[in-house]
Amino acid sequence: MRLIWVDGATKEFRRKVTDWQPSSDPVASLEVQAKALETSYVKYCEELRKVTNPTGKWYSDAIELAASLLGATARQRAEAAYMTLSSRD
């Protein structure tokens, strides 16, 4: 994992997973996502929002945000689960 520069104005850094591949086993992937949701559904949704919206675009409404999250790729869902389960909060 490494830090990447996100915003020069706020000097915000964000973690980015590098050199990592999610499991190709759909059952294992669903189990990990279920564990991430059980651990913290709020954190998982926030991480999923970050990976599906890396530019930080403002959504006009909740339906647009929901559509973005529902359209997440398998890798994006796996990365969000990884970030949720690896957080130390």
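What follows draws every value from the coordinates through simple rules; no lab data is involved. What you see is a predicted model, and the numbers here were worked out from it, not measured in a lab. All Cβ positions, even for glycine, are placed from backbone atoms using ideal geometry, and neighbour counts span all protein chains on display.
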Item to check | Using θ = phi - 60° and Karplus 6.51 cos²θ - 1.76 cosθ + 1.60, couplings along the range 26-31 (whole Hz; Gly, Pro as x) | outcome: x, 5, 4, 4, 5, 5
Checklist entry - Which whole-Hz couplings ³J(HN,Hα) result when phi for each residue of the range 36-47 is put into the Karplus expression 6.51 cos²θ - 1.76 cosθ + 1.60, θ = phi - 60°, listed in order with x for Gly and Pro? => result 5, 5, 5, 5, 6, 5, 5, 4, 4, 5, 5, 5
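With charges set only on the Cβ (+1 for Lys and Arg, -1 for Asp and Glu), what does the dipole of the range 22-86 come to about its Cα centre, in debye to the nearest 20? Working shown, then result.
On the way: 7 positive and 8 negative charges, 30 e Å.
That gives a dipole near 140 debye.
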